[in-house]
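Worksheet for the structure shown next.
Since every read-out is calculated from the coordinates, none of them should be taken as a lab result. Please read all numbers here as calculations on a predicted model, not as lab measurements. Here Cβ is always computed from backbone atoms with ideal geometry, including for glycine, and neighbour counts include all displayed protein chains.
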Amino acid sequence: MIKRFLLSRKTVITLIVLLLLFVLISYIIPQRFNSSNLEINRWLSEHPYLSPAVERLGLDHVYTTPWFAGVLALFLLSLFFSSYEQVRMALKKTFQTGVASGVLSHEVRNNEKNINSILVGSGYRRIRGNRSIKRFVKHPWGYWGGALFHLGLSISILASLVVVLTEKRGLVYLVEGEAFQPGKRWDLVSTGLLGGELKLPFTVLMKRVKPEFWDTDDLKQVTTEIRLIGDNGAFTDASIAINNTMNYKGFKIYQGKVFGHAFFVEFQEEGGGGFKTMLLMKIPPKRNMPSYEDFSPPDFPYVVQAKYFTDVSRAVMDGPNPELTLRLLKGREILGKTTLTVGQEGTLGNYRIRLFDVRRWASIIFVKSNGMSGVFLGFFVIILGGIFYYFTPPREIYVKPVEDGIFVLTWRCSRFRDEYVEEFDMIKERFEI
Amino acid sequence: MKDPVTIDVAIHWVVVLIYITATLFNTIGVIFKREVFEKRSYVTLMAGMFVHGVVIIYRWVVSGHGPYMVKHEVLSSYAWVLLFLFLIFTKYFPRIKISSVVVFPSAFLMVALGQFTNPAIKKIPPSLRSIWLVLHVLFYKIAMGTLVIAFAFSLFYILKKRSSARWTERLPELGVSDVYAYRFTGFGFIFWAIAMLAGSIWAYQSWGRFWGWDPVETWSLLTWVFFGIYLHLRRFFAWKGERAAYLYTIGFILAIVSIFFTPLIEASIHSAYFR
């Protein structure tokens, strides 16, 4: 009963349409996993008539709702049953015997050996049959197209679930000379429900960040030299770049595409107090265009607005002397502004400011996941199934002796029959030559 | 005229003119049953494709990357792949030759549209330097080519069914149009899947994730699932004829939006493409 329900054509099409709707909803409504709270709240305030439904049905996190899980579970079950049924059908079709009905037939006068040779020469292979009727099939793997397609879908969806549930992924911004020790807080981290805590079993030291640019100022490559240090002090030096990853102790290490300069600034209050802070700025888009960032240092009553050019000359993307401009804001009121290069001092409101160091920084991503090979294997099986199904529809010829030296050839094609009818005519012509 | 971009644009205009000529010959040949014109259209087309192929390679060498960055080169390469695929498919399925009345003008329109976009050469970012990217892009172009052929047959079906104009007699029988629309959608569905697979391997190689719900990825998945529904309805619900043709047309529009419009309306990791 359940099996019949899950294999029903109406159930299958309804489940596919529902999955399509979920994807559509995730596109229309900002999702919590890839949007900030600010973006979600803004969207909700712009669509007040939809917000009750969004909140009640969890449409801002559709992929973690019970509705989606239920539909996906039903879809997976349906896929498993369907794959099983299709494998059974493919086996039956591949090795079936007897003559299919409702097909084209033709009588030939020839001997068995010649018939075999002409059919094999036309791309047909002898497969099974029975004592009196011989069966020839062109592209017998075509029977397996649907089965493989559904099997591949099952494998990829299952493997994707394993990845989503167990993957651990962390991103860290590291300044040249800075070390990231096991247990230290990640700048961005995401772990699957069954993934557990993401903790590196080694220390990562950022030795050097080397960006390269095209003459158009577009990014050519970012390479970082890192040192991976184990518990016993033994270390491995490595170099990673975008699209040039490395594997280390079960982790895959990626070069992130975000990088820039870190400005080390000392704030000295007129009254005597002060503090040092690091301002992490992303690389500007062009040599003559700055990048901007706002900072609110801890226990500091003002906002610091920063602007930086890659070089004070504004003539190169990769200059030795980056220029930093700071503005001190109290609400909307500007209390001061100063422009500095490394080693210089200035005044910002009631503060003496000193830029005492500038270093490069870059982001590095650490990923530990299981099931990825299953996802890709599933994809390949889907494609193989699709190719078998649409590119190689199987054609069958049954050879049945009716009298001595007279045989009836019966031709059958279950998919795209009209496109291949002429093939049987050509075979008939070969017998008449 | 030493500037490579100027040379590229000038040769592309020559290509447009050749393709327009081929389209005119072809339309006259098909509609008025003038075989000589039809034959000439293919000779003209191949000459155009040769020049077109040379200018694509020239730009590839000059820019240092394949045609997958700016609109000008993307549209041009889509047109070339469409024509190349069409010629290959006519070898195996000679009856699809009639779809040339849609394929030829589609190609010249794509090249011509590309001429009105900024042809400046853009340098390739490091994340786009991967063999998987080349496969990803190539298979989308191949998928689009097969979908244009399927669209041609869906259109023929609707025109023949709806119009009593005499020239529609030249169009294939309704059953033939229907089966070719179905078959080529199947091809497109598979090529689209290969393109998504190559893209996910590339994403995994570059960013450590195979799927990120990026707007372009999401639209691509939506399109693929839509074509999956179309094929399912045809296979298991015996959908065919006019309603299948209309449903396919919606899918085809969705495919065009996915490939050519989503990179423009959304900020995404694909934003280096088609800008």
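For residue A:207, the aspartates and glutamates whose Cα falls under 17 Å of its own Cα, not counting residues fewer than eight places away in the same chain, are A:176, A:178, A:225, A:237, A:357. Its alpha carbons give the protein assembly as shown an Rg and a Dmax of 31.3, 118 Å. Mean per-residue shielding of peptide B:90-102 is 1, counting Cβ atoms of other chains within 10 Å of each Cβ. Helix A:372-391 and the long axis of chain A differ in direction by around 40°, with both axes built from C-alpha atoms. For segment A:260-361, treating each Cα as an identical point scatterer without solvent, what Debye log10 I(q)/I(0) comes out at q = 0.19, 0.20, 0.24 1/Å? For segment A:260-361 at q = 0.19, 0.20, 0.24 Å⁻¹, log10 I(q)/I(0) is -0.88, -0.97, -1.34. Taking the Cα centre of segment B:125-275 as origin and assigning +1 to Lys and Arg Cβ atoms and -1 to Asp and Glu Cβ atoms, the resulting dipole is close to 360 debye.
Rg of the Cα atoms in segment B:167-275, relative to 2.2 N^0.38 Å, amounts to 1.26. Pairs from the table (A:168/A:307; B:39/B:91; B:33/B:160) lying more than 26 angstrom apart at Cα are A:168/A:307. Listed by chain and number, the aspartates and glutamates whose alpha-carbon sits under 16 Å from that of residue B:71, ignoring those within fewer than 8 places in the same chain, are B:8, B:266.
Phi angles across segment A:302-309 convert, under the Karplus curve 6.51 cos²θ - 1.76 cosθ + 1.60 with θ = phi - 60°, into 3J(HN,Hα) values of 10, 9, 9, 9, 10, 9, 9, 10 Hz, Gly and Pro given as x.
Just counting partner chain Cβ atoms within 10 Å, what average do the residues of peptide A:241-253 show around their Cβ? If you can, show how the numbers build up before the last one.
Numbers: counts 2, 9, 11, 4, 5, 0, 0, 0, 0, 0, 0, 3, 1.
Other-chain Cβ atoms within 10 Å of each residue's Cβ, averaged: 3.
For chain A, what is the relative contact order in percent, using Cα pairs closer than 8 Å and at least 6 residues apart in sequence?
Working: 826 pairs, mean separation 80.9, N = 433.
For chain A, the relative contact order is 19 percent.
List every DSSP H helix in chain B whose Cα atoms extend 24 Å or more along the helix's own long axis and whose mean Kyte-Doolittle hydropathy is at least -0.5. Span-like helices, by this rule, are B:4-31, B:35-63, B:71-92, B:131-162, B:174-207, B:215-236. Dipole check for segment A:310-433: with +1 at the C-beta of Lys and Arg, -1 at the C-beta of Asp and Glu, and the Cα centre as origin, the magnitude is about 1500 Debye. Against chain A, whose longest principal axis comes from its Cα atoms, helix A:417-432 is set at around 40 degrees. Computed over neighbours whose Cβ is under 14 Å from that of residue A:144, the net charge equals +3, Lys and Arg +1, Asp and Glu -1. Across segment A:130-242, Cα-Cα pairs more than 17 Å apart make up 74 percent of the total. From the largest down, segment A:276-433 spans 113, 36, 29 angstrom on the principal axes of its Cα atoms.
Principal-axis analysis of the Cα atoms of chain A puts helix A:9-28 at an angle of about 20° to the longest axis. Here the Kirkwood formula, the inverse mean of 1/r across different C-alpha pairs, assigns segment A:371-433 a hydrodynamic radius of 14.7 Å.
Which whole-number percentage describes the relative contact order of chain B, with Cα contacts under 8 Å and a sequence gap of 6 or more? Before the final figure, lay out each step's value.
Working: 351 pairs, mean separation 50.8, N = 275.
The value is 18 percent.
In terms of overall dimensions, segment A:198-346 has a Cα radius of gyration and Dmax of 18.6, 54 angstrom.
Tell me whether chain B comes out rounded, prolate or oblate; compute the Cα gyration tensor, take square roots of the eigenvalues as a ≥ b ≥ c, and use a/c under 1.5 as the rounded threshold.
Values: a/c = 2.30, a/b = 1.18, b/c = 1.95.
Taking the square roots of the gyration eigenvalues as a ≥ b ≥ c, chain B is oblate.
Tell me the mean residue ellipticity at 222 nm calculated for chain A from its helices only (DSSP H runs of n ≥ 4, each -39500 (n - 2.57), averaged over every residue, nearest 500).
Values: 9 runs with 141 residues, N = 433.
So the helix-based figure for chain A works out to -11000 deg cm²/dmol.
Quick one: if you take sqrt(5λ) for each eigenvalue of the C-alpha gyration tensor of segment A:217-295, what semi-axes come out, biggest first, whole angstrom? Write out the running numbers ahead of the final one.
Working: eigenvalues 207, 102, 15 Å².
Over the Cα atoms of segment A:217-295, the ellipsoid semi-axes are 32, 23, 9 Å.
Take the Kirkwood radius over Cα pairs of segment B:1-123, plug it into Stokes-Einstein at 10 °C and 1.306 mPa s, and you get 108 µm²/s for translational diffusion. On the principal axes of its alpha-carbon atoms, segment A:29-143 has extents of 82, 24, 24 Å, going from largest to smallest.
Could you work out the relative contact order of segment B:1-123, using alpha carbon pairs under 8 angstrom and six or more residues apart, expressed as a whole percent? Working shown, then result.
Numbers: 143 pairs, mean separation 40.8, N = 123.
Here the relative contact order equals 33 percent.
Legend: mean number of C-beta atoms from other chains within 10 angstrom of residue C-beta atoms, peptide A:414-422, equals 3. Only helices enter the 222 nm calculation for chain B: every DSSP H run of n ≥ 4 contributes -39,500 (n - 2.57), and dividing by all residues gives -26000 deg cm²/dmol, rounded to 500. List the pairs from A:282/A:368; A:92/A:138; A:210/A:368; A:220/A:286 whose alpha-carbon separation is above 22 Å, in the order I gave them. Result: A:282/A:368; A:210/A:368 exceed 22 Å.
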